[in-house]
Amino acid sequence: MTVNNIWVITDDQNAVGELCDGGRQLGKQVSVILFSDQNRAQEAISSGADQVYLFGQAGESVMIEDYSKSIAELLRAEKADLVLVYSSIRGKLIAGRIATQLGISVLSNVSELTVDDGSIIVKHMVYGGAAIRTEKALTDTVVVTVGSGVFEAMPKDAARQGKVNEINPNVDNAGIRILETRPKQGELVNLSAAKRVVGVGRGFAAQEDLKMAEEFTALVGAEMACSRPIAEGEKWMSKERYVGVSGVVLKPDIYIALGISGQIQHMVGVNHAKTLVAINKDKNAPIFKQVDIGLVGDLYKVLPKIAEKIKAQN
Amino acid sequence: MRVITCCKAVPEAQDIVVTKDRQISIEKAEWKFGQYDLNAVEAGKQIVEAVGGQLSGLCAGGKILDNSKLRKDILSRGLDDLYVVMDEKMEQADTYQSAKVLEAAIQKMGDFDLVLCGAGSSDLYAQQVGNQLGELLGLPVVNAVNKITPEGDKIIVERTVENAIQVLEISLPAVFSVTSEINVPRIAGMKDIIAANKKSVSKFTLSEINADNLPNSSSEILSTMAPEQVDRRLNILEGESDEVIDAFVKLLSAELK
Ligand SMILES: Cc1cc2nc3c(=O)[nH]c(=O)nc-3n(C[C@H](O)[C@H](O)[C@H](O)COP(=O)(O)OP(=O)(O)OC[C@H]3O[C@@H](n4cnc5c(N)ncnc54)[C@H](O)[C@@H]3O)c2cc1C
Ligand SMILES: Nc1ncnc2c1ncn2[C@@H]1O[C@H](COP(=O)(O)O)[C@@H](O)[C@H]1O
């Protein structure tokens, strides 16, 4: 099998550049499915698309995921070899539904994608990051979900030519109606670019105690991050700030973990730090097996003292 | 209302041992039901507590599901009964194969109103089996469900997508994957653990649910290897005295220069 026809599906325009770049690296022809408008379609062409398939909005109460059957038919008719679906929430549902229509699995959250001797090879983490699995796809059409950071967007070229096809999709109405869409304040942080990061975990007993961590973070000129339970269970910090296998992967010079136990799912996100520091009151916490500098102590007692001493130095 | 919650037993990631040449061994690992499947069990429990009904658990896997401690653990978290599909093939099942087997089991389990899955299995975290199962059953299917409110023969859910919250009206039966923040799973008490002994467990083989013809695997596993390890200095101080703090600050400051 040769990999010719690459398809990109995304509900987020920001992902178009990276996925098109991936498509150009892996195959010959790149077709992009969008759910937006002509302007965005033109932008996709300058980002590397040869064809854009524009799925119109069938109505405010209709989910774009309900176009899945139409999309699967299109992929089948056009003999798609590889389908790169952006791994947003909607993207994942679309990927699952179209893969099912095609009678295959989804290769999820891949961190690397290559073509070797005509076969598509993917890598992705398993067991919470304890291992990396390499798999060879065996199906005629391969559906993968890809997040940002796997490919690098090429510079846009306004002179690029491509074709826009408007599709009036069949809505495969599966009994779901959108009653309301409430915009949610997302936070714009780029933790993956931060040089110094302080991570907070469940060692903090109450939200107001995070003040202490905020002050420390400012003092050392860092960005603040957290473990998943702080963002999801407690909702004390935004989800853009949790680090790990299912969150952000950091590459800082230094990561300072406060009250974080060091479960593998979290550590996968900080293992690339040049220096790892941890404060934890339990000397048997797994994090102490993988730090450069550690302090066994109650953060409520030691953190204020540490802050004071650093301030005195400055 | 009959709710079916799908749960997968997985080896604890923390117990995985790296042997030589970055090979891994799960031999010594304890098996547990996925952390995020407990949110699905809790979500199901809250629904049947609110509107009445029955909560069934469904799991497919290998021989490990014969372990009665494991089964009792999931039963003690609020299930009324448990359905187990056991076959060696399930140990390496991909998302489509898993969804196919769960679909076949659900056909066998009789009438239902709602199927719940977790945010992702703790070993593969593909976040796909729920989506694929819903599509196979030909039912309304939604992921990232963050709130569930039954309303007669319909259900209202809140779904968190990246930059918005969608409020959806969905006809039943339906298949949802819930988020890990939808609730905090309750901890089983002594009473629940004792009650779990008396709950019914139904065991099936693949042929008993007419699923022995699994679809082909969509991929071939070439390798599963531990990530490259970084050597750390392991300079660990202990204590809260001024001397210890001074020493720690000195080490830290050197890094912050
Ligand atoms: C599929 C899957 C994906 C996951 N993905 C992620 C992910 O991407 N990121 C992530 O972070 N987690 C993830 N998790 C969750 C992960 O397994 C852990 O549950 C989580 O990282 C633990 O967070 P924590 O360290 O803050 O809390 P805990 O494990 O509860 O640790 C709290 C620590 O604080 C210490 N402590 C308590 N009080 C004090 C004090 N006063 N002073 C000092 N120390 C104190 C304790 O000794 C303990 O070590 C995932 C789990 C699964 C199953
Ligand atoms: N073998 C299985 N048995 C029961 N439920 C499963 C199984 N595999 C996956 N699931 C369910 O599907 C969800 C998503 O799994 P995954 O797509 O592997 O991340 C899990 O959280 C479970 O609720």
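The values are calculated or read from the model by the stated rules, or taken from the named source; none is laboratory data. Note that this is a predicted model, so its numbers are computed, not measured. Quick reminder, even Gly has a Cβ in these numbers, built from the backbone with ideal geometry, and neighbours come from all protein chains shown.
If A:K136 passes every condition in (1) more than 9 Å from every other protein chain (Cβ to nearest Cβ); (2) more than 15 Å from the chain's Cα centre (by Cα) but one, which one does it miss?
Of the numbered conditions (1) more than 9 Å from every other protein chain (Cβ to nearest Cβ); (2) more than 15 Å from the chain's Cα centre (by Cα), the odd one out for A:K136 is (1).
Taking A:I120 as meeting all but one of (1) of a type in the set (V, I, T); (2) over 20 Å from the mean Cα position of the chain (by Cα); (3) closer than 20 Å to A:S36 by Cβ, write down the number of the exception.
Failing condition for A:I120: (3).
Under 7 Å between Cβ atoms, at least 6 apart or on separate chains: pull out the pairs that start in segment A:163-185 with a residue that is within 13 Å of another protein chain (Cβ to nearest Cβ) and end on any residue that is outside any strand (DSSP E or B) and loosely packed, with under 12 Cβ neighbours inside 10 Å.
Within 7 Å, the pairs are A:I178/A:E60.
Tell me which of these A:G269 doesn't satisfy, since it passes every other one: (1) in a strand (DSSP E or B); (2) small (G, A, S); (3) more than 10 Å from chain B (Cβ to nearest Cβ).
Every listed condition holds for A:G269 apart from (1).
Can you tell me which residue is nearest to A:Q265 (Cα to Cα) among those in segment A:181-201 that are within 16 Å of ligand 1 (Cβ to nearest atom), of a type in the set (A, V, I, L, M, F, W, C) and not in a loop (DSSP other than H, G, I, E, B)?
Residue satisfying both the conditions and the ranking: A:V200.
Would you mind telling me which numbered condition in (1) under 16 Å from B:D113 (Cβ atoms); (2) among the β-branched types (V, I, T); (3) surrounded by 16 or more Cβ atoms within 10 Å (Cβ to Cβ) B:T160 fails?
The number of the failed condition is (1).
From the set of residues in segment B:227-238 that are modelled with pLDDT under 95 and facing chain A (nearest Cβ under 7 Å), which is nearest to A:K301 (Cα to Cα)?
Top of the filtered list is B:V230.
If I ask for residues that are at pLDDT below 95 and acidic (D, E), which ones from segment B:172-210 would you list?
B:E181, B:D192
Which of the residues spanning segment A:89-114 are assigned to a loop (DSSP other than H, G, I, E, B) and within 16 Å of ligand 1 (Cβ to nearest atom)?
Once the filter is applied, which keeps residues that are assigned to a loop (DSSP other than H, G, I, E, B) and within 16 Å of ligand 1 (Cβ to nearest atom), segment A:89-114 yields A:S108, A:N109, A:S111.
Please pick out the residue among A:V143, A:V150 that is of a type outside the set (S, T, N, Q), out of contact with any Lys or Arg (no Cβ under 9 Å at 6 or more places or on another chain) and either in a strand (DSSP E or B) or assigned by TED's automatic domain parsing to the domain that holds A:G269 (or both). Explain how you work it out, then say what you get.
Values: A:V150 fails: either in a strand (DSSP E or B) or assigned by TED's automatic domain parsing to the domain that holds A:G269 (or both).
A:V143 is the lone residue from the list that is of a type outside the set (S, T, N, Q), out of contact with any Lys or Arg (no Cβ under 9 Å at 6 or more places or on another chain) and either in a strand (DSSP E or B) or assigned by TED's automatic domain parsing to the domain that holds A:G269 (or both).
Checking B:G110 against (1) near ligand 2 (Cβ under 6 Å from one of its atoms); (2) at positive phi, only one condition comes out false. Which one?
The single condition B:G110 does not satisfy is (1).
Here are some residues: A:E223, A:E232, A:E214. Which one is more than 12 Å from chain B (Cβ to nearest Cβ) and surrounded by 18 or more Cβ atoms within 10 Å (Cβ to Cβ)?
Values: A:E232 fails: more than 12 Å from chain B (Cβ to nearest Cβ); A:E214 fails: surrounded by 18 or more Cβ atoms within 10 Å (Cβ to Cβ).
Exactly one residue qualifies, and that residue is A:E223.
Residue by residue, here is whether (1) part of a helix (DSSP H, G or I); (2) closer than 23 Å to B:M190 by Cα holds:
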{"position": "B:Q35", "(1), (2)": "no, yes"}
{"position": "B:V41", "(1), (2)": "yes, yes"}
{"position": "B:E49", "(1), (2)": "yes, yes"}
{"position": "B:A60", "(1), (2)": "no, no"}
{"position": "B:L79", "(1), (2)": "no, yes"}
{"position": "B:V85", "(1), (2)": "no, no"}
{"position": "B:K89", "(1), (2)": "yes, no"}
{"position": "B:A99", "(1), (2)": "yes, no"}
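Those residues that are within 10 Å of chain B (Cβ to nearest Cβ) and either of a type in the set (A, V, I, L, M, F, W, C) or free of Cβ contacts under 8 Å to residues at least 12 places away in the same chain (or both), I need them from segment A:252-266; list them, please.
Correct list: A:I254, A:I256, A:I264.
Being under 20 Å from the mean Cα position of the chain (by Cα) and either away from ligand 1 (no atom under 16 Å from the Cβ) or more than 7 Å from chain A (Cβ to nearest Cβ) (or both) narrows it down to one residue among B:G110, B:G152, B:G118; which is it?
B:G118
Could you say which residue among A:A95, A:A158, A:A130, A:A99 is surrounded by fewer than 24 Cβ atoms within 10 Å (Cβ to Cβ) and either small (G, A, S) or farther than 24 Å from B:Q97 by Cβ (or both)?
Answer to the check: A:A158.
Do we have any residue at all in segment B:166-182 that's in a strand (DSSP E or B), of a type in the set (S, T, Y) and either within 16 Å of ligand 2 (Cβ to nearest atom) or surrounded by 18 or more Cβ atoms within 10 Å (Cβ to Cβ) (or both)?
For segment B:166-182, residues in a strand (DSSP E or B), of a type in the set (S, T, Y) and either within 16 Å of ligand 2 (Cβ to nearest atom) or surrounded by 18 or more Cβ atoms within 10 Å (Cβ to Cβ) (or both): present.
Can you run down the residue pairs with Cβ atoms below 6 Å, 6 or more apart or on separate chains, where the first is in segment B:149-171 and at pLDDT 95 or above and the partner is polar (S, T, N, Q)?
As it stands, the answer is B:I156/B:T149; B:E158/B:N146; B:R159/B:Q166; B:Q166/A:T181, since those pairs meet every condition given.
Enumerate the helices (runs of 4 or more DSSP H) found wholly within segment A:16-88, keeping only those where 1 or more residues are among the hydroxyl-bearing types (S, T, Y).
A:38-46, A:68-77
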